[in-house]
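As structure tokens, the structure follows; a few thoughts come after it.
We did not get these values from a lab; they are worked out from the coordinates using the rules stated. Because the structure is predicted, anything quoted here is derived from the model rather than measured. Here the Cβ is made from the backbone with ideal geometry for all residues, glycine too, and neighbour counts use every protein chain on show.
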Amino acid sequence: MKIDAANLDFEQLNKALKNVQGDSIVDNCLGQRFIGVKRNSGKLTLNGTPGNALGAYLDGAVIEVFGNAQDAVGDTMNDGKIIIHGSAGDALGLAMRGGEIYVKENAGYRAGIHMKEYQEKKPVIVIGGSAGSFLGEYMAGGLIIVLGLGATKLPLKNFTGTGMHGGKMIVRTKQLPEGLPPQVSAAKASMADLQEILPYLTQFSALFTISLTPKKEDFFVLKPNAKNPYTKLYTEN
Amino acid sequence: MAINFLYPEYEIVRKESRCIACRACENQCAHGAHEFLADKGVMTCDESKCVNCHRCVCICPTRALKIVKSGNAYKQNANWGQRTVDELYRQADSGGVLLSSMGNPQNYPVYFDKILLNASQVTNPSIDPLREPMETRCALGAKPHRIERDKKGNIKNNLPPQLKLSMPILFSAMSYGSISYNAHESLARAAQELGIYYNTGEGGLHEDFYKYGKNTVVQVASGRFGVHSGYLNAGAAVEIKMGQGAKPGIGGHLPGTKIVGDIARTRMIPEGTDAISPAPHHDIYSIEDLRQLVYSLKEATDYKLPVIVKIAAVHNITAIASGIARSGADIIAIDGFRGGTGAAPTRIRDHVGIPIELALASVDKRLRDEGIRDNVSLVVGGSIRSSADIVKAVALGADAVYIASAALLALGCHLCRSCQTGKCNWGIATQIPQLTKRLNPDIGCKRLVNLLSAWKHEIQEMMGGMGINSIEALKGNRLMLRGIGLNERELAVLGIKHAGE
Ligand code: SF4
Ligand code: SF4
Ligand code: SF4
């Protein structure tokens, strides 16, 4: 089914989408919020620029955006896949707990903030270009991959991983990030790390037809120093 | 060894003539304060371990035990009180931020205790609730501003989703993790039996409790623990937690030691990991951003459930509430500075925020002045201790109240304020199996039902005394209130007259 969103506000568009089972194509997306909220099956193809909270609480559907996306893509997403042929705004994958997000270009501030995981449920974000400040802040689980394609310097900004206490970030960069917060430790990627990200890199290449030749020397891994970063902060009273 | 500056605050007094050395106290004290000396055949104790929870006192079969305030005293000093000195010693020892629990215990004015209720005499006769119908039911949610009709002239049902309560009381948020499975079960079952609601708190919803969904408010906090589409649609309302009265402006932190088994699964984080709720929601920096979360939750629940926004009572509460009333939220919950907590930094708990009575009176007035009072219902918490507090809160403008500490007291809590230790001897704020099994949900549920049934009857009696036969007619009826011992400013903020006026 094909929907022209040109003259629809978010409630009208989302109502129209809720009535459709299976795959849909939306043309002329123009900032409508909450597209694909909690969708659990089928595929949504979006042409244009969807608004904030795209695919919030997503529960299994696939969303592909031909254009850029705005803030809070995949907020608290549980399952499924979001593919963005462009850049994403702030708070990408906020508190995400399952599924995969692929961004061809860059992500704004606070991507992957408070991501979590439990047993087999492990969310993944792949950012093709660079990530903004506060990447993976309070991260409690999951995997963030930053490829730095087209970046001339470090594809990370400030305060990466503040309060991180779970999960992993793997960044393609020659230079070790400086000034990382004390909760984060950085090391060269191992063969096992590379193995872990290969399936996602293969997907990325296929989705965006970009060829990658990953070598473990090109990657750094950021991990939390402890599961309980703040235990020593308190005294009982 | 370094000298310990701290002398125990309480003494365990054992009447030796009564003690039969049954060792029940030793067995019951998870803090290890009691000990049996096998060689001498007598009991001894170490007061420094006692948190004054009264478990042993209640359990002792011969009433041999009592806990009394230690007579040991520092040199009298009106400025450097004992508590101030002890806390300083504690920090000099450990270098840590002081961590406490339950509500603010400091000696600030309790405005509920300085407000008196009216009763009818001679004219407008009082109503006897035993003989006459007395309505305590209420509905929470936005109310339409006008009647709409369809083309045929019939009235359209334009009522947004509502929570329907048999009395103006809800159990407020306490997460599974901060309190035990049995405590949650007691609350859920009591809510169902009473026709009211309990609140999951921010720890997600255990699969066993989905069946109480009709009486459940599910919470979404900054950590988004256990939040997914099934969870959001399992309850009768969704609450966005922006703040909590015991710790306005800061987040939550459930230590990894409490993240075990089911709790890890319900929160969706690995066992042993700290559950950190950041201070802000990282997607909310304005009312417009809040509106985005409100509507993403409405979209996710197909506009069938009311959305509650919970905030702590702070200085600019009126402006904040006015913004929230325009955000699309259906209900605003305000938590006063005496509200309880499973753990909060002591300084924040004791020094940040304002009393709920003042916050409520100002917010209700502001929303009425702006003509947006019907956009939202107001639920207030932060130390509602009795049915009289509820009647006063409703007369100050609340639609309903949230209770938590009072509910825990019904379950056995003795306000020892040691929840942060995770060793609650009453089986409430703990996850240790030997302790949690001490709280029997059958009995817990019964005690909660008892308490609120009694309160309901008391509310009816107080209303009847005023000649009012429905809770709706009491709402915002400040003429039923008089202040006692309050100054002009306080009376003005509360919007009430002084007794005798
Ligand atoms: S429970 Fe009472 S009787 Fe039993 S050992 Fe303790 S103090 Fe003595
Ligand atoms: S902590 Fe509780 S059970 Fe233990 S000695 Fe003190 S009052 Fe008794
Ligand atoms: S819940 Fe338990 S630990 Fe917390 S104050 Fe009450 S009795 Fe003490």
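So how far apart, in nm, are the two label points at A:GLU11 and B:GLU135 if each is 7 Å from Cα heading toward Cβ?
Simple spin-label model gives 2.9 nm for this pair.
Could you list which residues have their amide H under 5 Å from that of B:LYS497, counting only those 5 or more apart in sequence or on another chain, with H placed in the peptide plane?
Under 5 Å from the amide H of B:LYS497: B:GLY483.
Arranged from highest to lowest average of other beta-carbon atoms within 10 Å per residue, in what order do the peptides A:160-171, A:91-102 appear? Provide the component values of the computation, followed by the final result.
Working: A:160-171: 24.8, A:91-102: 28.2.
Ranked from most to least packed, the peptides come out as A:91-102, A:160-171.
Find the relative contact order for chain A and round it to a whole percent, using C-alpha pairs within less than 8 Å whose residues are 6+ positions apart.
On the way: 727 pairs, mean separation 23.9, N = 237.
Relative contact order here is 10 percent.
Taking θ as phi - 60°, what are the ³J(HN,Hα) couplings along segment B:102-114 by the Karplus curve (6.51, -1.76, 1.60), each to the nearest whole Hz, with x for Gly and Pro?
For segment B:102-114, the Karplus curve yields 6, x, 3, x, 6, 8, 8, x, 9, 5, 4, 7, 10 Hz.
Using amide H atoms built 1.01 Å from N in the peptide plane, name the residues 5+ places from A:THR235, or on other chains, whose amide H lies under 5 Å from its own.
The answer is B:VAL97, B:LEU98, B:LEU99.
Going out from 0 in 20 Å bins, what whole percent of all Cα-Cα distances in chain B drops into each bin?
Spelled out bin by bin, chain B gives 22, 53, 23, 2, 0 percent.
Please list the helices of chain B that count as membrane-span-like by this rule: a mean Kyte-Doolittle hydropathy of at least 0.5 together with Cα atoms stretching 20 Å or more along the helix axis, each helix being a complete DSSP H run. Show your work: numbers first, answer last.
Details: long enough: B:441-465 (35 Å, -0.19).
Helices meeting the span and hydropathy rule in chain B: none at all.
May I ask for the Rg/Rh ratio of segment A:129-237, computed from Cα atoms with Rh as the Kirkwood radius, given to two decimals?
On the way: Rg = 15.0 Å, Rh = 14.6 Å.
Dividing the radius of gyration by the Kirkwood radius yields 1.02.
Averaged across the residues of B:270-281, what count of C-beta atoms belonging to other chains lies within 10 Å of each residue's C-beta?
5
How would you order B:201-209, B:154-162 from highest to lowest mean count of nearby Cβ atoms within 10 Å?
Values: B:201-209: 22.3, B:154-162: 12.1.
Packing order, densest peptide first, comes out as B:201-209, B:154-162.
Of the beta bridges DSSP finds with both residues in the protein assembly as shown, what % are antiparallel, to the nearest 5? Mind showing how you got there, number by number?
On the way: 32 of 101 bridges.
If we restrict to bridges inside the protein assembly as shown, about 30 percent are antiparallel.
Report the Stokes-Einstein translational diffusion coefficient (µm² s⁻¹, integer) for segment B:10-96, Rh taken as the Kirkwood radius over Cα pairs, at 10 °C with viscosity 1.306 mPa s. Numbers along the way, then the final one.
Details: Rh = 14.7 Å.
So the translational diffusion coefficient is about 108 µm²/s.
Order the peptides B:309-321, B:474-486 from the highest to the lowest mean number of other Cβ atoms within 10 Å of their residues. Display every interim value, and only then the final one.
Working: B:309-321: 21.1, B:474-486: 17.8.
Listed from highest to lowest mean packing, they are B:309-321, B:474-486.
Would you kindly calculate the mean projected area, averaged across all directions, of the convex hull enclosing the Cα atoms of segment A:2-233, in square nanometres? Could you put the intermediate results ahead of the total?
Values: hull surface 49.2 nm².
With the hull built on Cα positions only, its mean projection is 12.3 nm².
Residue by residue through A:137-144, how many Cβ atoms from other chains fall within 10 Å of the Cβ on average? If you can, show how the numbers build up before the last one.
Values: counts 2, 7, 0, 10, 4, 0, 0, 0.
Mean partner-chain Cβ count within 10 Å for A:137-144: 3.
Rounded to the nearest 5, what % of DSSP beta bridges with both residues in chain B are antiparallel? Before the final figure, lay out the partial values.
Working: 22 of 51 bridges.
Counting only bridges with both partners in chain B, antiparallel ones make up about 45 percent.
Give a residue-ordered list of calculated ³J(HN,Hα) values for segment B:215-232 (Karplus: 6.51 cos²θ - 1.76 cosθ + 1.60, θ = phi - 60°; whole Hz; x for Gly, Pro).
10, 10, 9, 9, 9, 10, 10, 4, x, 6, 5, x, 8, 7, 4, x, 5, 4
Counting only DSSP beta bridges with both residues in segment A:146-237, what percent are antiparallel, rounded to the nearest 5? Walk me through the intermediate numbers first.
Details: 9 of 10 bridges.
Given both bridge residues lie in segment A:146-237, the antiparallel proportion sits at roughly 90 percent.
If eta is 0.692 mPa s and T is 37 °C, what Stokes-Einstein diffusion coefficient results for segment B:228-303, Kirkwood Rh from Cα pairs, in µm²/s? Intermediate values should be presented prior to the final figure.
Working: Rh = 14.3 Å.
Diffusion coefficient, whole number: 230 µm²/s.
Can you give the relative contact order of segment B:320-426 as a percent, counting alpha carbon pairs under 8 Å and 6+ residues apart? Don't skip to the end; give the middle numbers.
Numbers: 131 pairs, mean separation 31.6, N = 107.
Taking the mean separation of contacting Cα pairs over the length of segment B:320-426, I get 30 percent.
Using Cα-only point scatterers and the Debye equation, what is log10 of I(q)/I(0) for segment B:334-456 at each q in 0.10 Å⁻¹, rounded to two decimals?
-0.39
So what is the relative contact order of chain B, in percent, for Cα pairs below 8 Å that sit 6 or more residues apart?
Working: 1042 pairs, mean separation 95.7, N = 501.
Relative CO of chain B lands at 19 percent.
Using just the helices of chain B, give the 222 nm mean residue ellipticity in deg cm²/dmol: DSSP H runs with n ≥ 4 each add -39,500 (n - 2.57), and the total is spread over all residues, rounded to 500. Present the calculation step by step, with values, prior to reporting the outcome.
Values: 16 runs with 147 residues, N = 501.
Computed mean residue ellipticity for chain B: -8500 deg cm²/dmol.
Would you tally the net charge around A:GLU217, using a Cβ to Cβ cut-off of less than 13 Å, leaving A:GLU217 out, and scoring K and R as +1, D and E as -1? Please report the intermediate quantities before stating the final value.
Details: positive: A:ARG172, A:LYS174, A:LYS188, A:LYS215, A:LYS216; negative: A:ASP193, A:ASP218.
Surrounding charge for A:GLU217 is +3.
What residues have an amide H closer than 5 Å to that of B:VAL220, excluding those fewer than 5 places away on the same chain, when H is modeled at 1.01 Å from N in the peptide plane?
It is B:GLU239, B:ILE240, B:LYS241, by chain and number.
I'd like the mean, over residues of A:57-65, of how many other protein chain beta carbons sit within 10 Å of each residue's own Cβ. Walk me through the intermediate numbers first.
On the way: counts 13, 2, 4, 1, 0, 0, 0, 0, 0.
So the per-residue partner count for this stretch is 2.
Using the Kirkwood formula on the Cα atoms of the protein assembly as shown, what hydrodynamic radius do you get, in angstrom to one decimal?
On the way: mean 1/r = 0.0360 Å⁻¹.
One over the average 1/r among Cα pairs gives 27.8 Å for the protein assembly as shown.
HN-Hα J couplings of segment A:85-93 from phi, Karplus 6.51/-1.76/1.60, θ = phi - 60°, integer Hz, Gly and Pro as x?
Whole-Hz 3J(HN,Hα) from phi for segment A:85-93: 7, x, 10, 10, x, 6, 6, 5, x.
On C-alpha positions alone, give me the angle between the axis of helix A:191-208 and the longest principal axis of chain A, in degrees, nearest 10.
20
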